[in-house]
1. Would you be so kind as to identify which of P88, N152, Q107 lies farthest towards the positive end of the dipole of the range 28-154, taking Lys and Arg as +1 and Asp and Glu as -1 on Cβ and the Cα centre as origin?
2. In whole angstrom, and with the biggest value first, how far do the Cα coordinates of the range 28-154 range along each principal axis?
3. Between beta-carbons, use under 9 Å as the cut-off and find the net charge around E102, counting Lys and Arg +1, Asp and Glu -1.
Amino acid sequence: MKKILLTFAAVTATCMVLICGCTKCKDWPETPVVHNIVTSDCHHFTDPIAAKDMNTDSIVVEWDLEGGSMSVSHYNMMLDCGMRQPIPTTILREGDTIRVTEHVGEQGLTNCVCLYDNSFDIEYLPETPFTLVIEVETMWFDRTETVTVYENSFN
């Protein structure tokens, strides 16, 4: 009986050390993290009047379920020429919604627009179902405008 209790205690202690020593578990933040933000240079220049007919904005999301991460590419964002780079991108978790905001800064300052690509990675995504919302926040002379450009649920 003593031998069984010692074996049980040793196995239990080993399991506790493994569980408590799990660096991935301890280091996970409460909210996902955005990093590796890369904004392209202007890859198509046009004047604002011609740009009214262009709507080529698109988003591609690649989800690594096992790694708990995503790669997001936002293509052909039509913005003022001379955009600051990289585009500041923030993330906020609100319950089961993860909201990523691309802050494109002041617009309407130049007489030309360019198409830009913005890409970033998201890590430490929850293992439970969540909804990803990507929005673009634009500052104009007299107001700030936020537009949702992507929304999808992941299980």
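1. Q107
2. The Cα atoms of the range 28-154 stretch 46, 28, 23 Å along their principal axes.
3. Summing Lys and Arg as +1 and Asp and Glu as -1 gives -2.
Readers should treat all values here as calculations from the given coordinates under stated rules, not as data from a laboratory. Every value quoted in this text rests on a predicted model; they were computed, and no experiment measured them. As a convention, Cβ positions derive from the backbone with ideal geometry for all residues, glycine included, and neighbour counts pool all protein chains shown.
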